[in-house]
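Each remark here refers to the structure printed beneath this line.
The values are calculated or read from the model by the stated rules, or taken from the named source; none is laboratory data. These numbers were taken from a predicted model, which means no experiment stands behind them. A quick note on method: Cβ atoms are made from the backbone with ideal geometry, for glycine too, and the neighbour counts reach across all protein chains shown. With ligands, DNA and RNA removed, areas are computed over all heavy atoms of the protein, side chains included. Shrake-Rupley method; radii C 1.70, N 1.55, O 1.52, S 1.80 Å.
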Amino acid sequence: MRDTDTKDLELTRTLAAPGEPFVWLTAMGLALGLIMVVGLLGVIVANGLPVFWPSKIVEVHLKPGVKNPLPNSGGTLTGEIVQTREKRIPVLSATGDKIEDQTEVQIFVGNKDVNGSGFVFLNNSDIASISEPRGIYRLERMEYGIAFAYPKSLQLADGTSLPADSPAFTQTLTRLDAESAARRREIEKIEKHDIGAINSRITQLRAKGKGSPESLKEIAALDADYQLLAAKARELRAIQSAAALIYTTPNGIERRLPVGELVAFTLPNTLVFNQKLGLFFHNIWNFLTLDPREANTEGGIFPAIFGTFVMTLLMSLAVVPFGVVAAIYLREYAKQGLAVRAVRIAVNNLAGVPSIVFGVFGLGFFVYFVGASIDSTFFGEYLPTPTFGTGGILWAAATLALMTVPVVIVATEEALAAVPRGMREGSLSCGASKWQTIQRIILPASLPGILTGLILAMARGAGEVAPLMLVGVVKLAPSLPIDGAFPFVHLERKFMHLGFHIYDLGFQSPDSEAAKPMVFATTLLLILLVVVLNLAAILIREKLRKRYATGAF
Amino acid sequence: MPNTKKTLPGHATEQNRFETSKLTLLVDRFMTVFIKFGGALVITSVLGIFVFIVLQIWPLFAPPSVTPLKSIPLPDTKYALLGVDEWGAKPFLVEPDGSLLVVDYETGETQDQSLNLGITGQVTAAFLNKREQKIILGTSNGQFVFVSPNHTSRESGGRQIIDVNPTAETPSSIGDPGMPITDIAYGDSGSSKLIVALQSDGETNRVTASLFKRKRSLMGKNKEEAAGTHDLTPMIPGRPEKILVPVTGDSVVVISESGKVSYLVLADGKFELRQSFTPFGDLANSHINVANFIFGDVSIAFASDSGENRIFSLFYPEGGKERLFGITHEFPNLGASPVLLVSTLRNKAFLLGGGKELSLRYSTTESIRWQSRVPYPVSNAVISGKYQRLAVLDSSNTLHFFQIDDPHPDSGWKALFGKVWYEGAPGPKWDWQSTGGSDDFEPKYSLVPLIFGTLKGTLYAMLFAVPIALLAALYTSQFLDPRFRSTVKPTMEIMASLPSVVLGFLAAIYIAPLIERQVPSLLLVVVGVPIVAAFSGFFWSHLPIQIRKFIRPGWEWIVFLPLLFISAGILWYLGPAFESVAFVVTDPATGQKTADFRAWWPAVTGASYDQRNSLVVGFMMGFAVIPIIFTITEDALSNVPKPLITASMACGASRWQTALRVVMPTASAGIFSALMIGLGRAVGETMIVVMATGNTPIMEWNIFSGMRTLSANIAVELPEAPHHATLYRTLFLGALVLFLLTFAINTVAEVLRQHLREKFKTT
């Protein structure tokens, strides 16, 4: 008895085992896949969000004898700690032992006008102590980026001076800052909008008027307007530099910053949590609504958001009717046979054709063929300067529409096919015509499916960069594709795009260190946009599946 | 039932109640036509992409056309030279007395522009420096003189008018005074000028080189001064017959009567005989009939008496320290004895002519662009600077004009896919280099390195992605607790939606520097984690059931998450220690030991190590490929009919045995199609590759070096490519290759998938 018992036990033990390690191996596959997604999203969030959080300004005291990487700074260094990383020293000692690795600290020292470069690296072992000076200001400037500064006095427009320790100092600076911001907006309005309108009208008159007396007269009148506006802008600019903030940099150099050059100022080391939170959201708001500055490394990314939005919208306007019509044709009207099956496979496969191929086609067909034809027909007087014969938002949208039309066709077809046969037959037997059936029964029933296709197409369009590089995206567009100047929607204009912004900043920026926070923040936004769109599509699809799961029988 | 017998009230009058409204019918008919037409239009236009791209690349392979324009008879005399302006509008000939005969193509008139040259003898030799459009004439009494035709272009009434105002410099003597010059040539590098003359009185021959240095003065006027005369005759074997001087003016090539070519180089103010060779030494008659530099003056085209045609180029031979001439290309026989060989100023094409044969050839690709038999014996020819017009002088002094329409001479099957021996290279190779620093740069348009790069990137991406995707799909479909599926699948699908520019940016900015410092750690993780997985599975399954019951089947992955983190973390931090043991290189000079994988890899394998390499690309491309393979494989595995699985289980197979022996084989076609679609995605991926590789078109499988793929190449080069130039069309060809590749891959996958669907429908 005992013998059989143990034997049985052994048997069960071996029976439980076959292949179990391999199951764990497959579990590793899934775990790895999930970690990859979550990890990647985590990296982006972890690098993107802190960009907006106000960080402390520290004063680093170096150990005696350590050479300061900044000139004239003595033994201290002031800035924000960016990261601490391990410094690998690959050299081995004579005995073959590893010489101790050490960590190094990257510090953003700002004050590019004084220091030359914005970042320094320090060995952790060279640092004696770190303190947090309370009175230090973080000045955001129009040029040269951030300055860390100890204010000295405020030079007012009337010639009087207000010392930094006077109680009214912060209040006055805040007021001046607000005033200068208002003036900056006014100058921008004059220079970009009003003068821009005059310029485009003059160009138009020069091209179309061909030197006729009327056109010359109008040009002269416009020129007078221009002089007036330019004088006003000059006057405003003079006011902008009348008042100034006098400050000393941490290494003791005195600088004068006209209030017109000051964007914002904070005292990061005195902020409490609530203030920091407020500043955090304020920074996010600025990021979303401002124009970029300093070769896109500062300011906001509003034009890129707007460009992406308009381009995706135009693309959707083009892709939905064409995609739906083609899908209805394939599913409802075309005779189902080998030919339609082949077409269906071909259309399906077009969704897998690399996006760059569509970009190549867009450049060759839309820009160089259609665009050039439009130019020679309608805009001949501007030639050789191309109007539509160069990349622009219309061609970008058309290219992406072409790229995503297979996605919409496939999704719509699937949705049409999923409409239960009973509904179709019921409608027809009630005497409805074929089109009435499609219009009243089939299309409404398949609307969620079509919507899924559209959302997927939008997500793909918003995240795609490669084809756009060929058909009209630029790193810095002078004007938005929709603005107040007649005819309001400028389809021929070049535009900025979130994805291209990332490529350009992360890959082609002259100061890639300074661009890093901006790229991560933009990446975070783009990922957020694309993930939300995709999640919406997935959710709609899941709902759809459930609905037909019950309705199909 | 009395009611049924009754007729319905108003039966006759309400007949139209059963008729369909006219409007409905009309709308229906309209919509039918509209949708049929519109749908067909959308589908045709989408498929029209292919047609458009093919139309764009067609000119690359199209044969050129050379069409005769008109013929203009000239006064009968022996012309020393035939030249032409940039536009091919006003060719000119040098008459024996040194005056210019200018031919107007438009009107067909000729105009004799005599110049007061101040020479006493007849012109016996002439050479045209095409780049400077300047002529040097040699006379029967040993004098030489420079003449410039000075073509200028102006516009008048919307038409282009070309004017010719020739000027001459003062003549000088060279070599033996009074001895007739039989050939002359010069080269001008800007700072120095080299004039070489061959003099012959029938018995003695003399080759003299005269060097001039030019000093830039502050006044802007260049002052030329003589910097020595060299008698080259002693250095030349045999009787010299022809002289070639490159534009750089730093060497002389002398061709002897016997067909021997001497290459003399000017070094430190002295000439030395660097090389002596016989291009047609293998033929019975090794005499060289005609020879000339190809544009760029690095290659010389030779043609023998019998019509053989060979190109010799300067390059550093394997292990050599000096540039020597070597045969790089050989053309088919002309079929006549050549009398003219003229090169162009635009590309590496040249025209070879003799008897009644004319042949336009392209040296780089060894292709005959055009060959034709003309009804007259040819004696001289010239090609306009823009490579658009050809003027041929026949033996009875009639000038025949041709229009050359050959926009892409540097293209063709051989240039795009074959191994080509480029100038300066020690052998034929596949190379991509579309732009260079100078005008005479030879563009290299081989798509082979790009296709190779595409395959390399795809291979490393698939190596990384396929195992993870397949394992994850198998687990999700067969072993995972069903309640997780609704979250796991969308999460993996989110991965597919990540924009590739984000992946590329992270690869370049985040992953590449991270991996660069920690390659040994990565190696440990890659090898170690699967071992830990399998071992923990083995260990777990041998635990008593009392412990095992705590983890239900389908929950293993949750247990595995912390395990994975811990094991990967430990292995990652063990990396540096591993490096200092396994990857140590010793500097042979100092004996200093360095534990650095980046130094170890090149030292051991001889291959390079780049920060942006295939490993990074493979890893990041995994994000793009894994979700695609995962989703499709998971669908295929889940669609395997349940009865098969339950039957297998009932027979006593374990879940792994069922999955491996029953589910996987049944779904194999679906898995294969998933791999194909993943492959298609990897082949076409652009932004990741653009950002995370160095974009160098190299051909090596080394995992720690970069590559350039077809798609990245298009993204990098197309924005700068001039419209309709060869580069532009070649990039379109690259796009077509990509298109066809992915289309073919996807079609195979799709057909398989449909086949699979049919199969399961019947079961």
Task: Calculated log₁₀ intensity ratio I(q)/I(0) where the Debye formula runs over C-alpha points of the range B:281-446, q = 0.13, 0.19 Å⁻¹ - done: -0.62, -1.26
Task: the range B:355-422 - convex hull of the alpha-carbon atoms, volume per residue in Å³ - done: 98
- [ ] With all protein chains present, calculate the accessible area of residue B:132 using a 1.4 Å probe and round the result to the nearest 10 Å².
- [x] 80
Task: 37 Å tail of the calculated P(r), chain B, as % of Cα pairs - done: 60
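Please get the size of the charge dipole for the protein assembly as shown, origin at its Cα centre, with Cβ charges of +1 on Lys and Arg and -1 on Asp and Glu, quoted in debye to the nearest 20.
For this selection, approximately 5120 debye.
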TODO: Pull up all non-local amide H partners of residue B:339: gap of 5 or more, or a different chain, and H-to-H distance under 5 Å with H placed in the peptide plane.
DONE: B:353, B:354, B:355
TODO: May I ask you to rank B:724, B:287 by accessible area, largest first, using a 1.4 Å probe over the protein chains only?
DONE: B:724, B:287
Task: Highest average packing first - B:714-723, B:544-553, Cβ atoms within 10 Å - done: B:714-723, B:544-553
Open item on the list: Could you tell me the extents of the protein assembly as shown's C-alpha atoms along the three principal axes, largest first, rounded to whole Å?
Closed with: 123, 105, 96
- [ ] Provide the buried accessible surface between chains A and B in square angstrom, both chains summed, 1.4 Å probe, rounded to the nearest 100.
- [x] 9100
Task: Packing-based ranking, highest mean first, of A:79-87, A:164-172 given that Cβ atoms within 10 Å are counted - done: A:79-87, A:164-172
- [ ] Go through the range B:50-63 residue by residue and turn each phi into a ³J(HN,Hα) via Karplus (6.51, -1.76, 1.60, θ = phi - 60°); whole Hz please, and just put x for glycine and proline.
- [x] 4, 4, 4, 5, 4, 4, 5, 8, 3, x, 4, 9, 5, x
Open item on the list: Rounded to the nearest 10 Å², what accessible area does residue B:557 have for a 1.4 Å probe in the complete protein model?
Closed with: 20
- [ ] Report, to the nearest whole %, how much of the accessible area of the range A:468-516 belongs to carbon and sulfur atoms, 1.4 Å probe, protein only.
- [x] 64
Task: Whole-number percent relative contact order across the range A:302-552, with pairs defined as alpha carbons under 8 Å at least 6 apart - done: 27
Task: Residues losing 10 Å² or more accessible surface upon assembly, the range B:725-747, compared with the chain by itself, 1.4 Å - done: B:728, B:732, B:735, B:738, B:739, B:742, B:743, B:746, B:747
Task: Test item: B:708-719 mean partner chain Cβ contacts at 10 Å - done: 4
Task: Cα gyration tensor, the range A:325-370 - rounded (a/c under 1.5), prolate or oblate - done: prolate
Task: Karplus-derived HN-Hα couplings along the range B:79-85 (A = 6.51, B = -1.76, C = 1.60, θ = phi - 60°), whole Hz, x at Gly and Pro - done: 7, 8, 7, 10, x, 8, 7
TODO: Provide the solvent-accessible area of residue B:179, counting protein heavy atoms only and rolling a 1.4 Å probe, rounded to the nearest 10 Å².
DONE: 20
Open item on the list: Heavy atoms only, 1.4 Å probe, whole protein assembly: order B:233, B:658 by accessible area, highest first.
Closed with: B:233, B:658
Task: Debye equation applied to the C-alpha atoms of the range A:259-299, log10 I(q)/I(0) at 0.17, 0.30, 0.33 Å⁻¹ - done: -0.57, -1.06, -1.09
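Given the range B:448-759, what whole percent of its Cα pairs are spread farther than 34 Å?
Of the Cα pairs, 34 percent sit more than 34 Å apart.
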Task: Accessible area, probe 1.4 Å, largest first, for residues A:126, B:112 - done: B:112, A:126
TODO: Report the dimensions of the range A:302-552 along its three principal axes from the alpha-carbon atoms, largest first, rounded to Å.
DONE: 66, 46, 37
- [ ] Let me know the mean shielding of B:616-628 by other chains, meaning the per-residue number of their Cβ atoms within 10 Å of its Cβ.
- [x] 1
Task: Test item: Cα-centred dipole of chain B, Lys/Arg +1 and Asp/Glu -1 on Cβ, debye - done: 4100
Task: Average beta-carbon neighbours from other chains, 10 Å sphere, peptide A:362-375 - done: 3
Open item on the list: With a 1.4 Å probe and all protein chains left in place, how much accessible area per residue does the range B:384-428 have, in Å²?
Closed with: 34
Open item on the list: Per-residue counts of other Cβ atoms within 10 Å, averaged by peptide: what ranking do you get for B:183-190, B:76-83, A:409-416, B:601-608, highest first?
Closed with: A:409-416, B:183-190, B:76-83, B:601-608
